[in-house]
């Protein structure tokens, strides 16, 4: 009897515990693991959308790329009023290697690239060819756009290929899905990076549908390649691609500037825009450029527009010279109307830019593919409500770019390709190039630092 | 016949010898001890004293009467012809023989060989503390306690023997009545909430800190940060006792800082503008904006924002408990209400608790019991330190800015206020968190034979939290028509524990006991949130009123532990003791390749004073030498840290999936090996007692967010890399200076020294903000530019270049261009040593106690210094010391020339690093107990009035608010430490209270 009691006790004891062992394997409920993340076409499509979402974050295309570029390119046209020291460093052209905004931008960029790489590595799950082509084209587009901004901001200017063999950024093509996949790359040359971008965009233009709702389309790939070509001085390619997009008939200029910006749906001139909705995406441009009445930070605004900016206008009646506001009677800084909504898409390539790319390329080449440079410039001027020019100098095209594309992240790159100094800094000053983030060099000793840091 | 004679003789004896004995039992102060057990040895006869300590018992002459009462030494009296007895019980004050809780059982201090610090109710019951962790402060060596900030709900940092981890939690494991408590911070705004906020400190019977590995190893994979075992009060075999505690307190901030007034502000900023080429007209136009058109030239506006941010508040506390029992069943029940006012505008909490605990002898061979604790806490919250609408950040606003408009509403004019005015949030916002906590456990203890018991326990813990936040028309969300968030998080844990306890004595001297068991524990967490915007009115704050529901989500997660443990203890002749234990832990959190681990420990002690050669020593009344070794783990990492994970995201309202984590399948717990050598001693008949411990803790396989190249698409991966060491010495000295029935004075001094070193860091330096992890340095060392003062010729801030010369020395030249300078390691946020002095005195009916606490050697970096004390770079109001700025060539000062919108000395440098040494009068309590012979006329056993002061005095050279207040938003970071950012100081409280027992 007594033994029986022992046996009962010990059996109970053992069963209570031993039955639990298999319960130690628990799968997460909010996340997928490697085994179940890539096995269907839908899942790979989801990762592609994930890459867009990554790109849309504030750290990169959700605003900071534009902010970094505009503040680096600022020579008194803007004033930084905010208290964030990172942005103050861009404005002062005195960026530290530990600048966290730079690091966040770098990390975000390679996160986009990795997701694009994962998509491109798993295309064989698609059975539907057109679907596969579209997904591949979009992944290539996202990868190209990311490398393009990286190489523009982290490497020397390369107008006319002068710095072809200098350090660009590391080109990573292998997807990283496990710890063992991690590489410690060196920086590839600027030329290699541009070649890589060009191939991705040429492929994308072939693979993508001509129109693809709000996602990347063949037109978007061509428009971006036109911009890349202009940046590298390949004017034929820039001209022809810009012309193809313009003549595709999918886009037309809005008649009012107010319809160009702060849209929840793409405007009719958006060739590609980063999408922001109430539930996803972010628009840091609103945070930094708007007064607090419109959702900006109380720097009011953090980035205000100063008098020297208005010197580029030849008439006070230019709609683009009046696209500003000051808040209340005591007067805030001058703020642009371009970013007055936090729930609005961020235009990335607009039709207006393509007219100006075509005009500039035709002007340089002495051609009139699609239209004459003068007509193209006047199309833009007409929309701004001002008189047409009767003759055209090269500088008129550049001025038109500065007016039309102001605060959209173009000035710095235009000055650097045209070799125009930014204030006291020569166009090729190392201070106009971002440093490779210190955290990155701490981890990967193969990465060289830029001059001046 | 013989039988009859025998009976007769017996009866005769009985009749002749049986006496009725009466008497009273009192303690050494003459206070009656109701409920004292009196038994006749070797018989079943027994009795208890009544309310007045009076008893009656029948006994024979020559019988032994045993008087016993918890906390007193048992007393035996032989019955003589005397039938009236006056028994005075002696308190059991011998420090070396207290009960200690060791996990899955108890022991006595005498028998253990490990380092366990114990706080008992009687040490603390006369002192008033706002929370359970604040009880720990200055009570146990090797335990550092710091409240993150002066918010009433604020989390604590409790560190046992330094910090042993970087990537996992640094908090100890809390075990409440056998249930390992949920200790995750569920705050929605990055300002941690104390997870133990629902515990009523009045319910605590004892707190045991398992400090060394041999003690903590019985908790295996979760023992590295130490284990804090909290035991709540239980009923005893006595008549019902009802206690009533009530108190009211006033709370103030411990410190205010000096900021510029309007006139000083105008002076400094006019000068800063001039120095930067900003015209007088421009700066005056800016002053006009700031003053919202008011006449600042004539002093029409001079706002003291700090005065608006702080408030004086009231705390009330009411606590009722009843306990008692018979030899069959004992009970304890209590309920309490606490309302704590915050010292910061908009902050405060209400706490309600209910506790019941019952132990029942079901049969002669089995015992069972349960206890349950319910609590609800409602907190009025404010933003975290890194928010413009945190009240304390309003010190950044200009004194020229009116806080309120004429109609009393907050001034939220974007040009007048530099930052969002927190009063707008106060007026049109709301941020409330409710926390419901249920902790319960039930046990059965079955007696199998004289040597073997079987114990089975089931425990449950639930922490449910709901947070509602609304920001209306005068907040930063005005432009979207108001913004609301509702979020809930519900964490539940159950634990099943079964173990066998065996003990036997071989011969007369050799005691053996053993424990063998296992437990399974599972924790699930579910959370939901919804956000909405565009509200029609500030008065309609629920999300039903939001025009747009902007976001929502839910999340579930789960983890578990399966554990087996065994422990055996040997004791020979009370001289030689040894304990061996082992635990095997498995967890779902670890990689599939290393799900289980072993955690062994051993300890031994030699009670030298029980050897014959010392037994008659007058000087050395007790001496014990201890040594222990053990391995513990730390498993507080993410639930799925070992896996490669992909999480949901969305773009343009389409579903997306993004990689969110790289995992290492080899991931396992951190392994800490600890040695401890200790001495316990008593001198002069234990008038002086002490403990000295030396320990060495080495953590291998440090769980780490190891940075990876960003080009991989990831920033870091949790891996086991690196090694860290903590070495230290702990000394406790206690003395009972005076001990007689009128005057009793105990004095205890504690000293703790801990040195932390990162001994191996294969990935190289890891820099996180101003903190660095570097091999050979302390964890979280400060990594800063070194400020070299001001160039007296031109007012430029100077920094030491500190580049490394060819000979390895540092280049001590200075530069005014911080980008030419190099950062160096300067100090760390951990104290080199901590001291405290606890005094408790009883003089007749008065009692007086205080706790002095000090820390030395830690540094604190003021991340807000560049804004609050940055010689007027930004328009942020400045501390008055900035008036010592450089003005003319030849000026000698350490405040650079004021330059508006130009950097001049505001880099993260040693300019903003200070020693955080302090000595604090943590607590002073003065009580008066009414003479019990008088109060008993009103049927009251005890009436005590007291006054208690918390944080009355802090001596420090630190200029910030408080040397222990650090940025709450870093509260859960393993690396970012010792950084303050508008961090609120703790409260200073004056409390008056009454304790009544009847």
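Taken together, the values in this text are just the output of simple stated rules run on the coordinates, not laboratory data. Since this is a predicted model, take the numbers as computed values, not measurements. Don't worry about glycine lacking a Cβ; one is built from the backbone with ideal geometry, like all the others, and counts go over all protein chains shown.
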The rounded separation in angstrom of the Cα centers of region B:853-914 and region A:281-301 is 29 Å
Work out the mean other chain Cβ neighbour count within 10 Å for the residues of A:43-51 and drop it here as an integer. 6
In this structure, the FRET efficiency calculated for residue B:376 and residue B:576 from their beta-carbon separation, with R0 = 56 Å, to the nearest 0.05, is 0.65
Does anything in region B:814-847 have its amide N under 13 Å from the 7 Å Cα→Cβ label point of residue B:807, and if so which residues? none
Going by Cα centres, region B:490-564 and region B:57-80 are how many Å apart? 49 Å
Under a crude label model (7 Å from the Cα following the beta-carbon direction), how far is residue B:612 from residue B:506 in nanometres? 2.3 nm
Among B:617, B:187, which comes first, then next, by fewest other beta-carbon atoms within 10 Å? B:617, B:187
Which length gain, in nm to one decimal place, applies between residue B:931 and residue B:362 when the Cα-Cα distance is subtracted from 0.36 nm times their residue separation? 200.8 nm
Here the gain from full extension of residue B:312 to residue B:42, 0.36 nm per residue of separation minus their alpha-carbon distance, amounts to 90.9 nm
Which FRET efficiency value, to the nearest 0.05, do you get for residue A:419 and residue A:322 by plugging their Cβ-Cβ distance into 1/(1 + (r/R0)^6) with R0 = 25 Å? 0.20
Each label point is 7 Å from the Cα along the Cα-to-Cβ direction; what then is the distance between the points at residue A:247 and residue B:998, in nm? 10.3 nm
Per its Cα gyration tensor (rounded if a/c is under 1.5, else prolate when a/b beats b/c, else oblate), region A:127-197 is best filed as oblate
Stretch gain in nm, segment residue B:31-residue B:295, where the contour uses 0.36 nm per residue and the Cα spacing is subtracted: 87.9 nm
What's the center-to-center distance, using Cα atoms, between region B:417-464 and region A:360-397 in Å? 71 Å
Please give the calculated 222 nm ellipticity per residue for the protein assembly as shown, where each DSSP H segment of at least 4 residues contributes -39500 (n - 2.57) and the sum is spread over every residue; nearest 500 deg cm²/dmol? -5500 deg cm²/dmol
If contacts are Cα pairs under 8 angstrom and at least 6 residues apart, what is the relative contact order of region B:17-88 in percent? 38 percent
Helix B:280-290 axis, angle to chain B major axis (alpha carbon atoms, nearest 10°): 40 degrees
What relative contact order, as a whole-number percentage, does chain B give when Cα pairs under 8 Å and 6 or more residues apart are counted? 11 percent
For B:79, B:657, which order do you get if you count the other beta carbons within 10 Å of each Cβ and list the fewest first? B:79, B:657
Scaled by the rule-of-thumb 2.2 N^0.38 Å, the alpha carbon Rg for region B:17-88 gives a ratio of 1.00
Does region A:40-443 come out rounded, prolate or oblate, given a ≥ b ≥ c as the square roots of the eigenvalues of its C-alpha gyration tensor, rounded meaning a/c under 1.5 and, failing that, prolate meaning a/b above b/c? rounded
Return the FRET efficiency for the residue pair residue B:843, residue B:106: r is the Cβ-Cβ distance, R0 is 30 Å, and the value is rounded to the nearest 0.05. 0.30
Sorting B:886, B:629, A:106 on the 10 Å Cβ count, fewest up front, what's the list? B:629, A:106, B:886
With the 8 Å Cα cutoff and a minimum separation of six or more residues, region B:95-220 has a relative contact order in percent of 31 percent
How far apart, in nm, are the 7 Å Cα→Cβ label points at residue B:22 and residue A:314? 12.2 nm
